[in-house]
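*Asks:* Right, I'll just put the structure down here and ask away after.
The values are calculated or read from the model by the stated rules, or taken from the named source; none is laboratory data. Since the model is a prediction, treat every value here as computed from it, not as a measurement. Because the Cβ atoms are built from the backbone with ideal geometry, glycine has one as well, and the counts that use them run over all protein chains shown. Accessible surface is based on the protein model in full, side chains and every heavy atom, while ligands, DNA and RNA are left aside. Shrake-Rupley method; radii C 1.70, N 1.55, O 1.52, S 1.80 Å.
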Amino acid sequence: MTMTQSDLAIHAHGLAKRFGAVQAVSRIDLVVAPGEALGLLGSNGAGKSTTLSMLMGLCAPDAGKALVFGHPVGSPAARRLTGATPQATDLPDQVTPREILTYAALRYGVAPAIDRLTADFGLDDLIDRRVAGFSGGQMRRVALALAFVGQPRLVFLDEPTSGLDSAAQQAFRVMARSYVAQGGALVLTSHHWDEIEAICSSIAVIDRGETVLAGRIDTIRDRARITRLGFDLPPGLVPPLWLGARHDGARWQVETGDSDTLLRRMVTEALPFANLTLQPLELKDLIHHLRHEENRP
Ligand SMILES: Nc1ncnc2c1ncn2[C@@H]1O[C@H](COP(=O)(O)OP(=O)(O)OP(=O)(O)O)[C@@H](O)[C@H]1O
Ligand SMILES: [Mg+2]
């Protein structure tokens with residue numbers, strides 16, 4: 001089945017945005033389908049938040065085009081279908097989470113599912129307290145609940161778990177996965193690779209305002225099946241050069257696309273290794289590896 005633009009949660013092409021002398025985003029293309037979670041990765045200042053702002057209709061792109069379920073971003077139809085948590089949370093002081101959520105739900109034209117949101121985001125002791133004095137993590141929980149209160153079909157989350165304790169981070173993962181499993185589309189930024197891997201099926205790596213690597217995580221993994229071998233050697237012994245191993249301060253490490261052949265040679269050449277471990281390369285290192293390969297002349 002081919003998807004039309006209005007079936008796609010996001011269809012964005014050639015987005016660009018400049019702030020004075022800074023070209024924050026120069027060329028971003030993104031496609032997100034319902035039931036898909038896309039993780040935006042990239043270093044500080046790469047252009048992730050600017051990209052989200054354009055997709056949420058909060059700032060107009062200088063170039064490019066973005067549609068949300070076929071509607072131009074920022075249009076009332078697109079906004080009704082979209083929920084979001086900004087990177088910085090700023091809520092009015094003198095109201096309670098229940099009041100904020102109820103008001104927000106009204107604007108979406110839906111009944112607020114206060115009990116479910118309270119449970120999903122750990123708001124039990126907070127729901128009827130004034131927001132004034134809330135801790136950073138407590139604010140963040142309310143902001144996350146706000147993103148989902150309008151029963152949106154698409155949610156943007158900019159560093160959703162920054163400031164959350166580990167129990168709240170874990171609860172968020174469960175909640176996000178269930179939202180996506182029920183057909184919701186999710187775009188999130190995070191500096192936590194494990195969070196992206198736990199929630200997202202696809203990633204887009206942004207570097208200096210450009211998408212430099214994008215695709216399904218399983219496809220990216222298939223492109224390079226790299227294994228990392230770790231082992232100890234007797235003190236003072238240095239592994240032979242052909243092995244290409246390096247010491248990470250604790251153990252010897254080597255990355256290979258063919259661990260069988262490498263291991264056979266280690267055994268044949270009687271390398272006295274101990275405590276051997278084999279692990280697939282983590283996503284972060286895999287992407288580093290792929291980008292390094294692509295940039296090779
Ligand atoms: N309103 C603005 N005015 C001027 N410069 C801006 C503005 N917003 C963003 N920038 C600049 O655009 C670039 C991209 O910023 P952006 O906030 O999108 O990065 P980011 O990828 O979200 O980074 P982080 O991981 O730190 O959140 C940065 O150089 C930033 O300083
Ligand atoms: Mg940001």
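*Asks:* For a quick check of your reading of the model, give me the residue pairs whose first member lies in the range 11-33 and is without any contact (Cβ under 8 Å) to a residue 60 or more places away in the chain, whose second is outside any strand (DSSP E or B) and open to solvent by less than 10 Å² (accessible area, probe 1.4 Å), with beta-carbon atoms closer than 6 Å and at least 6 apart or on different chains.
*Replies:* What qualifies is Leu15/Met54.
*Asks:* Could you tell me which residue of the range 222-235 is nearest to Met266 (Cα to Cα), considering only residues that are open to solvent by less than 80 Å² (accessible area, probe 1.4 Å) and not in a strand (DSSP E or B)?
*Replies:* Checking each candidate, the answer is Leu233.
*Asks:* Let me ask something else about it. Specify which of the listed residues (Val142, Val149, Val155, Val95) is among the β-branched types (Val, Ile, Thr), more than 16 Å from ligand 1 (Cβ to nearest atom) and within 18 Å of the chain's Cα centre (by Cα). Steps first, answer last, please.
*Replies:* On the way: Val142 fails: within 18 Å of the chain's Cα centre (by Cα); Val149 fails: within 18 Å of the chain's Cα centre (by Cα); Val95 fails: within 18 Å of the chain's Cα centre (by Cα).
Going through Val142, Val149, Val155, Val95 in turn, just one is among the β-branched types (Val, Ile, Thr), more than 16 Å from ligand 1 (Cβ to nearest atom) and within 18 Å of the chain's Cα centre (by Cα): Val155.
*Asks:* Output the number of residues of the range 80-95 satisfying the condition of being assigned to a loop (DSSP other than H, G, I, E, B) and either modelled with pLDDT of 90 or more or away from ligand 2 (no atom under 16 Å from the Cβ) (or both).
*Replies:* Restricting attention to the range 80-95, the residues satisfying the condition of being assigned to a loop (DSSP other than H, G, I, E, B) are 81, 86-95.
In the following step, the residues that additionally are either modelled with pLDDT of 90 or more or away from ligand 2 (no atom under 16 Å from the Cβ) (or both) were identified as 81, 91-95.
Going through the range 80-95 one residue at a time, the tally reaches 6.
*Asks:* Look through Val155, Val187, Val131, Val142 and report the one residue that is outside any helix (DSSP H, G or I), at pLDDT below 95 and open to solvent by less than 50 Å² (accessible area, probe 1.4 Å).
*Replies:* Values: Val155 fails: at pLDDT below 95; Val187 fails: at pLDDT below 95; Val142 fails: outside any helix (DSSP H, G or I).
Going through Val155, Val187, Val131, Val142 in turn, the sole match is Val131.
*Asks:* Moving to a separate point now. Based on what the data block shows, is Ile199 touching a residue at least 60 places away in the same chain (Cβ under 8 Å), in contact with a helix residue (DSSP H, G or I) (Cβ under 9 Å, 6 or more places away or on another chain) and in the same structural domain as Gly47 (by TED's automatic domain parsing)?
*Replies:* Numbers: touching a residue at least 60 places away in the same chain (Cβ under 8 Å): yes; in contact with a helix residue (DSSP H, G or I) (Cβ under 9 Å, 6 or more places away or on another chain): yes; in the same structural domain as Gly47 (by TED's automatic domain parsing): yes.
Judged against the criteria, Ile199 is a match.
*Asks:* Taking the condition of being within 16 Å of ligand 2 (Cβ to nearest atom), without any contact (Cβ under 8 Å) to a residue 40 or more places away in the chain and under 20 Å from Thr102 (Cα atoms), how many residues in the range 137-168 meet it?
*Replies:* Residues flagged as within 16 Å of ligand 2 (Cβ to nearest atom), without any contact (Cβ under 8 Å) to a residue 40 or more places away in the chain and under 20 Å from Thr102 (Cα atoms) within the range 137-168 amount to 0.
*Asks:* Right, something else. Take the conditions open to solvent by 20 Å² or more (accessible area, probe 1.4 Å), in the same structural domain as Glu159 (by TED's automatic domain parsing) and in a helix (DSSP H, G or I) and apply them to Arg98. Does it pass?
*Replies:* Values: open to solvent by 20 Å² or more (accessible area, probe 1.4 Å): yes; in the same structural domain as Glu159 (by TED's automatic domain parsing): yes; in a helix (DSSP H, G or I): yes.
So Arg98 fits the description; yes.
*Asks:* Please tell me if Leu55 is among the hydrophobic types (A, V, I, L, M, F, W, C), within 11 Å of ligand 1 (Cβ to nearest atom) and under 21 Å from Ala185 (Cα atoms). Don't jump to the end; show me each part of the working.
*Replies:* Numbers: among the hydrophobic types (A, V, I, L, M, F, W, C): yes; within 11 Å of ligand 1 (Cβ to nearest atom): no; under 21 Å from Ala185 (Cα atoms): yes.
No: the conditions fail for Leu55.
*Asks:* Could you check, for the range 57-70, whether at least one of its residues is of a type in the set (Lys, Arg), over 17 Å from the mean Cα position of the chain (by Cα) and farther than 16 Å from Val149 by Cβ?
*Replies:* Taking the range 57-70 first, the residues of a type in the set (Lys, Arg) are 65.
Okay, now just the ones that are also over 17 Å from the mean Cα position of the chain (by Cα), so 65.
Add one more test, that the residue is farther than 16 Å from Val149 by Cβ, and what stays is 65.
The answer is yes, given that some residue of the range 57-70 is of a type in the set (Lys, Arg), over 17 Å from the mean Cα position of the chain (by Cα) and farther than 16 Å from Val149 by Cβ.
*Asks:* Further, regarding this structure: Among the candidates Leu55, Leu40, Leu101, Leu30, single out the residue that is over 21 Å from Leu213 (Cα atoms) and of a type outside the set (Ser, Thr, Tyr). Step through it out loud before you land on a result.
*Replies:* Working: Leu55 fails: over 21 Å from Leu213 (Cα atoms); Leu40 fails: over 21 Å from Leu213 (Cα atoms); Leu30 fails: over 21 Å from Leu213 (Cα atoms).
It is Leu101.
*Asks:* Still on this model: Does the range 35-51 contain any residue that is in contact (Cβ under 8 Å) with a residue 24 or more places away in the chain, away from ligand 1 (no atom under 15 Å from the Cβ) and either part of a strand (DSSP E or B) or of a type in the set (D, E, K, R) (or both)?
*Replies:* The initial filter retains those residues of the range 35-51 that are in contact (Cβ under 8 Å) with a residue 24 or more places away in the chain, namely 35-43, 46-51.
Restricting the remaining residues to those that are away from ligand 1 (no atom under 15 Å from the Cβ) gives 35-37.
Pick out the ones that are also either part of a strand (DSSP E or B) or of a type in the set (D, E, K, R) (or both) and you get 36-37.
Yes, there is a match, as at least one residue in the range 35-51 is in contact (Cβ under 8 Å) with a residue 24 or more places away in the chain, away from ligand 1 (no atom under 15 Å from the Cβ) and either part of a strand (DSSP E or B) or of a type in the set (D, E, K, R) (or both).
*Asks:* Here's a follow-up. Considering only residues that are out of contact with any strand residue (DSSP E or B) (no Cβ under 7 Å at 6 or more places or on another chain), outside any helix (DSSP H, G or I) and under 25 Å from Gly45 (Cβ atoms), which ones fall in the range 158-184? Can you show your working first?
*Replies:* Taking the range 158-184 as the starting set, the residues that turn out to be out of contact with any strand residue (DSSP E or B) (no Cβ under 7 Å at 6 or more places or on another chain) are 161-175, 177-178, 181-183.
Pick out the ones that are also outside any helix (DSSP H, G or I) and you get 161-165, 182-183.
Matches in the range 158-184: Thr161, Ser162, Gly163, Leu164.
*Asks:* Any residue at all in the range 263-273 that's in contact (Cβ under 8 Å) with a residue 60 or more places away in the chain and of a type in the set (A, V, I, L, M, F, W, C)?
*Replies:* No.
*Asks:* Hey, another quick one. Tell me the residue from Leu213, Leu290, Leu271 that is under 18 Å from the mean Cα position of the chain (by Cα) and open to solvent by less than 30 Å² (accessible area, probe 1.4 Å), please. So that I can check it myself, show each step before the final result.
*Replies:* Working: Leu290 fails: under 18 Å from the mean Cα position of the chain (by Cα); Leu271 fails: under 18 Å from the mean Cα position of the chain (by Cα).
Going through Leu213, Leu290, Leu271 in turn, the sole match is Leu213.
*Asks:* If you scan the range 20-79, which residues turn out to be open to solvent by 30 Å² or more (accessible area, probe 1.4 Å), at positive phi and within 16 Å of ligand 2 (Cβ to nearest atom)?
*Replies:* Gly45
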